[in-house]
Amino acid sequence: MTDLVAFAHGLPKAELHLHLEGTLEPELKFELAARNGIELTEKTVDEVRATYNFHDLTSFLQVYYPAMGVLQTADDFRDLAYAYLKKAASQGTRHAEMFFDPQAHTSRGVPFANVIGGYRRAIVEARAEFGIEGELILCILRDFSAEFAMATLMEALPYKDWIIGLGLDSDERGNPPSKFAAVFARAKAEGFLLTMHCDIDQEGSIENIRQVIEDIQVDRIDHGTNIVENDDLVEAAKARGLGFTTCPISNSFVTEQMKAEEIVSLLRRGLKISVNSDDPAYFGGYIADNYVALAEQAELDIADLAQIARNSFEASWLTPGRRDAYLAEIDAYVAAFTAA
Ligand code: ADE
Ligand code: ZN
């Protein structure tokens with residue numbers, strides 16, 4: 001292991017862009033299929049991985065949603081999140097704000113309670129066992145209707161204490177942020193923090209980024225790297241201290257590149273850029289792997305990685321006291337690593 005790789009793994013980090021359903025590794029998929037009496041088309045881990053030939057967001061989502069069929073009981077959701085949190089803790093994650101897609105489950109007859117009950121149990125257990133903190137962000141699937149989104153938000157209200165924010169994911173094409181303005185306004189009134197995906201190189205990327213900043217007034221943006229094309233929006237995001245959750249390895253699957261140049265340009269311009277893993281079981285890299293991949297591509301040093309980790313806590317939804325404690329942990333880690 002090089003110094004940089006060791007540094008990236010041990011560095012205290014917050015994960016802010018992680019889809020729990022995107023952490024379904026093929027091995028667990030087989031285990032859950034067997035448990036639930038489901039026959040899978042692919043018979044080996046290699047056969048499953050052979051289906052991962054994505055070239056854009058749509059082709060990824062076509063593999064991603066069908067795989068979720070093995071998730072049925074609260075235990076299944078618990079096992080998925082527990083395995084992720086264990087892995088994340090092993091890569092230096094101290095705090096994870098994790099997306100989940102309830103509509104991908106309720107739309108096929110799985111009760112909302114199974115989903116959130118299982119995920120919540122994993123969070124409580126993982127905190128006790130690995131010291132990692134977890135929060136849940138309910139993600140609305142933007143290719144379903146605004147009515148289904150609102151109904152899902154209503155279904156979530158009894159579990160409000162377990163959900164920190166509302167997000168928006170899935171296929172952006174033809175599904176701009178404005179489609180969900182009323183749902184996000186209601187969520188804000190209920191006390192949820194807001195974030196939305198602005199995926200890479202979408203039709204209307206800039207207009208969608210403008211909508212999330214000016215109209216929806218989100219608290220954070222997921223991806224959003226195309227903002228680099230518009231100086232006015234960069235200045236607006238900077239003035240608001242908006243965090244951007246970039247995902248370099250994911251970018252290299254859904255577009256032709258990691259977008260390292262764009263990410264680093266925004267970092268140097270002072271935006272709160274964090275680095276995250278998105279759907280690590282599908283894209284083959286957890287959080288530290290993403291730090292290393294970006295560092296290697298853009299020739300970043302350990303001071304840059306420490307800045308990105310600081311950004312991850314500053315853009316997180318932790319209380320100021322907890323956030324500052326993690327920032328102090330980073331300072332101590334950097335001092336000890338540099339002294340060694
Ligand atoms: N769902 C899971 N990963 C996603 C991504 N990167 N963009 C949009 N929707 C997603
Ligand atoms: Zn995502």
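Quick one: would you say Leu4 is surrounded by 18 or more Cβ atoms within 10 Å (Cβ to Cβ), away from ligand 2 (no atom under 16 Å from the Cβ) and under 24 Å from the mean Cα position of the chain (by Cα)? Before the answer, list the steps.
Working: surrounded by 18 or more Cβ atoms within 10 Å (Cβ to Cβ): no; away from ligand 2 (no atom under 16 Å from the Cβ): yes; under 24 Å from the mean Cα position of the chain (by Cα): yes.
Criteria not met by Leu4.
So in the stretch 160-185, with the set limited to residues that are surrounded by fewer than 17 Cβ atoms within 10 Å (Cβ to Cβ) and more than 16 Å from ligand 1 (Cβ to nearest atom), which one is farthest from Gly117 (Cα to Cα)? That would be Ser178.
Going through (1) part of a helix (DSSP H, G or I); (2) surrounded by 22 or more Cβ atoms within 10 Å (Cβ to Cβ); (3) over 15 Å from the mean Cα position of the chain (by Cα) one by one, Arg322 falls short only on (2).
Conditions tested, residue by residue: (1) of a type in the set (Phe, Trp, Tyr); (2) more than 16 Å from ligand 1 (Cβ to nearest atom).
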| position | (1), (2) |
| --- | --- |
| Met1 | no, yes |
| Val5 | no, yes |
| His19 | no, no |
| Leu24 | no, no |
| Val48 | no, yes |
| Tyr64 | yes, no |
| Ala67 | no, no |
| Thr73 | no, yes |
| Ala89 | no, yes |
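Residues checked against (1) over 19 Å from Gly131 (Cα atoms); (2) modelled with pLDDT under 95; (3) not in a loop (DSSP other than H, G, I, E, B):
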{"residue": "Ser59", "(1), (2), (3)": "yes, yes, yes"}
{"residue": "Pro66", "(1), (2), (3)": "yes, no, yes"}
{"residue": "Gly69", "(1), (2), (3)": "yes, no, yes"}
{"residue": "Gln72", "(1), (2), (3)": "yes, no, no"}
{"residue": "Arg78", "(1), (2), (3)": "no, no, yes"}
{"residue": "Ala83", "(1), (2), (3)": "no, no, yes"}
{"residue": "Ala88", "(1), (2), (3)": "no, no, yes"}
{"residue": "Arg94", "(1), (2), (3)": "no, no, yes"}
{"residue": "Glu97", "(1), (2), (3)": "no, no, yes"}
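The set of residues in the stretch 247-296 being on the phi > 0 side of the Ramachandran plot and either buried (at least 23 other Cβ atoms within 10 Å of the Cβ) or of a type in the set (A, V, I, L, M, F, W, C) (or both) consists of Lys259, Asp278. On the stretch given as the stretch 188-205, residues that are in contact with a helix residue (DSSP H, G or I) (Cβ under 6 Å, 6 or more places away or on another chain) and either away from ligand 2 (no atom under 16 Å from the Cβ) or under 23 Å from Met258 (Cα atoms) (or both) total 5.
So, of the residues in the stretch 227-270 that are of a type in the set (A, V, I, L, M, F, W, C) and outside any helix (DSSP H, G or I), which turns out to be farthest from ligand 2 (Cβ to nearest atom)? Quick ask: steps written out before the conclusion?
Step one: list which residues in the stretch 227-270 are of a type in the set (A, V, I, L, M, F, W, C), which gives 227-228, 233-234, 236-237, 239, 242, 244, 247, 249, 253-254, 258, 260, 263-264, 266-267.
With outside any helix (DSSP H, G or I) added as a condition, the list becomes 242, 244, 247, 258.
Working: Leu242: 17, Phe244: 12, Cys247: 7, Met258: 15 Å.
Selected residue: Leu242.
The values are calculated or read from the model by the stated rules, or taken from the named source; none is laboratory data. All values derive from a computational prediction rather than experimental measurement. A quick note on method: Cβ atoms are made from the backbone with ideal geometry, for glycine too, and the neighbour counts reach across all protein chains shown.
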